[in-house]
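No value in this document is a laboratory result; all are computed from the given coordinates. None of the values given here were measured: they were computed from a predicted structure. Every residue, glycine as well, gets a Cβ built from its backbone with ideal geometry; the counts of neighbours run over all protein chains shown.
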Amino acid sequence: MATLAAAFGSSHSVMLSSTLDDWLHGFSESDLRMPYFDRGGQRISYQDLLASAPANARDYITQERIAERWRIVQDAMARMTQEIAQAKLDVLVIVGDDQHELFTDELMPAVGVYYGEAIRNAARPDTQENWYRTAQLRRLEEGGDVHYPCHRALALHLIEGLVEREFDVAALSALKPGQYEGHAYSFIHRWYLQPAALPIVPVFLNTYNPPNPPLPRRCIKLGAALKELIADYPESLRVGLLASGGLSHFIVDEELDRSVLDALKKKDNAFLSRLDPRRLKAGSSEIRNWLVVAGAVDELELTWVSYTPAYRTPALSGTGLCFARWS
């Protein structure tokens with residue numbers, strides 16, 4: 001029988017593939033165009049956000065504090081690589097979100113599972129574009145396409161079992177020509193799974209795109225179902241589960257992030273189930289991926305967390321960058 005041997009959570013923000021110079025200088029320009037929402041889920045502008053910032057907001061974004069946060073995050077990513085390797089997994093189930101990479105608004109499943117034998121990440125194009133696009137493209141491959149191994153048998157087992165448990169699952173057997181795995185998966189491959197050929201099962205959760213993101217309580221139930229199905233899989237496998245994305249962004253919401261982390265430590269899934277979806281907008285919506293993991297890890301303990309509120313402009317925009325392991 002398979003066992004859920006470990007679980008993980010990792011941000012995959014473009015901040016993580018950006019340089020220190022980008023952190024110090026780039027985001028003050030790029031954040032002028034990011035989507036922002038207030039706590040009631042209403043769209044607001046950068047200027048609205050700036051007007052509501054505390055009087056001491058600039059104290060959060062001195063060069064020294066930004067550089068310190070950048071170093072903490074680099075260390076956390078290095079440790080995450082070690083934590084995954086030390087778990088000695090046979091397969092990693094990655095719960096991530098798709099941002100119009102494989103799906104469009106014409107067809108946007110709430111939940112999907114990929115069951116191909118391999119999944120492609122594309123070669124990185126030569127580009128002279130701006131620093132932001134350069135940082136995004138670091139999730140792609142140097143030197144040519146790479147086809148990463150997937151665990152087809154476990155994926156099919158998960159699809160069939162989720163359907164039996166009344167989840168409506170989109171099943172993907174292959175990618176269309178020109179498509180490649182989205183950012184939630186390519187980041188994990190590029191930063192944490194090199195050079196190991198660890199098979200994955202990509203699970204897609206529509207966190208971002210209205211009108212059908214799953215409710216928080218549904219995410220918890222999905223995680224519980226994944227745990228049951230992993231335990232029911234007949235082959236002896238050490239399986240890992242990883243939430244890709246989050247935490248809050250593009251407004252750093254420390255209150256939300258720390259309440260989620262506290263509930264994860266306490267295994268308070270009742271609290272997590274009651275999270276207000278209006279606070280899970282834009283990048284903060286990726287917290288849903290962590291809720292799926294929360295539903296699966298009742299027999300594991302949260303053994304390591306690194307949380308960095310990465311403020312980057314006077315409006316206190318940025319990302320709550322978080323990394324975690326359960327074992």
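The table that follows gives values for the structure above.
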read-out: Helix 63-86 vs. the chain, principal-axis angle (Cα, 0 to 90°, nearest 10); value: 10 degrees
read-out: Length-normalised contact order of the chain in % [C-alpha pairs under 8 Å, at least 6 apart]; value: 33 percent
read-out: Per-bin percent of Cα-Cα distances, segment 218-327 [10 Å]; value: 14, 46, 28, 9, 2, 0
read-out: Label point at TYR132 placed 7 Å out along Cα→Cβ; residues across segment 245-259 whose backbone nitrogen lies under 14 Å; value: 250-251
read-out: Bridge type composition, segment 3-326 - antiparallel percent by DSSP, nearest 5; value: 55 percent
read-out: Candidate lysines for bridging to LYS267, where Cα separation is under 28 Å - those fewer than 8 sequence places away on the same chain excluded; value: LYS88, LYS221, LYS227, LYS281
read-out: 0 to 90° range, to nearest 10: angle between helix 287-296 axis and the chain longest Cα axis; value: 40 degrees
read-out: Inter-site label distance for ARG152 and LEU32 at 7 Å from Cα along Cβ, in nm; value: 5.1 nm
read-out: Stretch gain in nm, segment ARG39-ASN56, where the contour uses 0.36 nm per residue and the Cα spacing is subtracted; value: 4.0 nm
read-out: Distance (nanometres) between label positions extended 7 Å along Cα→Cβ at GLN194 and GLN179; value: 2.6 nm
read-out: The chain: angle of helix 152-164 to the longest principal axis, Cα-based, in degrees nearest 10; value: 90 degrees
read-out: Model label zone, GLU235; criterion: amide N under 14 Å from point 7 Å along Cα-to-beta-carbon; scope segment 180-199; value: 198-199
read-out: Column: log10 I(q)/I(0), Debye, Cα scatterers of the chain, q = 0.11, 0.13, 0.14 Å⁻¹; value: -0.66, -0.94, -1.11
